[in-house]
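Chemist: The structure's right below; bear with me while I get my questions together.
The values are calculated or read from the model by the stated rules, or taken from the named source; none is laboratory data. Just so it is clear, the model here is predicted, and its values are computed rather than measured. Don't worry about glycine lacking a Cβ; one is built from the backbone with ideal geometry, like all the others, and counts go over all protein chains shown. Just so you know, the surface numbers come from the protein's heavy atoms only, side chains and all, with ligands and any DNA or RNA stripped out. Shrake-Rupley method; radii C 1.70, N 1.55, O 1.52, S 1.80 Å.
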Amino acid sequence: MKFRVNRDVLAEAVAWTARVLPARPVVPVLTGILLEAGEELVLSAFDYEVSARCSVEAEVAEPGRVLIPGKILAEISKSLPDEPVEVATSGVEAVLTCGSAEFALLTMPVEDFPALPQVST
């Protein structure tokens with residue numbers, strides 16, 4: 001997976017999604033934010049009671065899914081320089097690059113993340 005997104009857009013989407021992350025999760029995978037890159041970038045969090053899902057525009061070079069620890073991603077994304085953010089996965093790492101800043105984040109197993117409930121409209 002590989003995508004590029006505006007820093008402010010990413011920081012706002014991560015902060016909005018991270019607000020539902022549990023302080024004491026039932027299972028560790030619930031501390032993650034699921035990033036799905038396709039037509040757009042979709043961020044999701046779920047704790048079996050409350051879910052959050054946010055879609056933002058991104059330049060997607062390689063579609064895919066990755067589960068990143070949410071609190072860490074929130075802290076990093078709000079302190080990045082004002083430049084585009086690129087995220088690329090490599091094995092069990094997601095490398096986040098923004099200007100001269102680079103972070104290698106260990107990912108969690110995507111297949112363990114629970115399916116979000118369907119929202120009726």
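Chemist: Condition first: among the small types (Gly, Ala, Ser), touching a helix residue (DSSP H, G or I) at 6+ places or on another chain (Cβ under 6 Å) and not in a helix (DSSP H, G or I). Now tell me which residues in the stretch 1-32 satisfy that.
Modeler: Gly32
Chemist: Return yes when Gly70 is in contact (Cβ under 8 Å) with a residue 24 or more places away in the chain, within 16 Å of Pro109 (Cα to Cα) and open to solvent by less than 20 Å² (accessible area, probe 1.4 Å) and no when it is not. Write out each step before concluding.
Modeler: Working: in contact (Cβ under 8 Å) with a residue 24 or more places away in the chain: yes; within 16 Å of Pro109 (Cα to Cα): yes; open to solvent by less than 20 Å² (accessible area, probe 1.4 Å): yes.
The answer is yes for Gly70.
Chemist: Same structure, new question: Only one of Glu36, Glu86 is under 10 Å from the mean Cα position of the chain (by Cα), at pLDDT 95 or above, among the charged types (D, E, K, R) and not in a loop (DSSP other than H, G, I, E, B); which? Please lay out each step first, then the result.
Modeler: Values: Glu86 fails: under 10 Å from the mean Cα position of the chain (by Cα).
Unique residue meeting the criteria: Glu36.
Chemist: Residues in the stretch 1-18: is at least one modelled with pLDDT under 95, over 22 Å from Ala88 (Cβ atoms) and either open to solvent by less than 40 Å² (accessible area, probe 1.4 Å) or of a type in the set (Phe, Trp, Tyr) (or both)?
Modeler: No.
Chemist: Let me ask another. Considering only the stretch 77-106, how many residues are open to solvent by 40 Å² or more (accessible area, probe 1.4 Å) and under 24 Å from Ser51 (Cα atoms)?
Modeler: 2
Chemist: Find all pairs meeting these conditions: Cβ atoms under 7 angstrom apart; at least six residues apart or on different chains; first residue within the stretch 107-121 and assigned to a loop (DSSP other than H, G, I, E, B); second residue charged (D, E, K, R) and at pLDDT 85 or above.
Modeler: Thr107/Glu93; Leu116/Arg53
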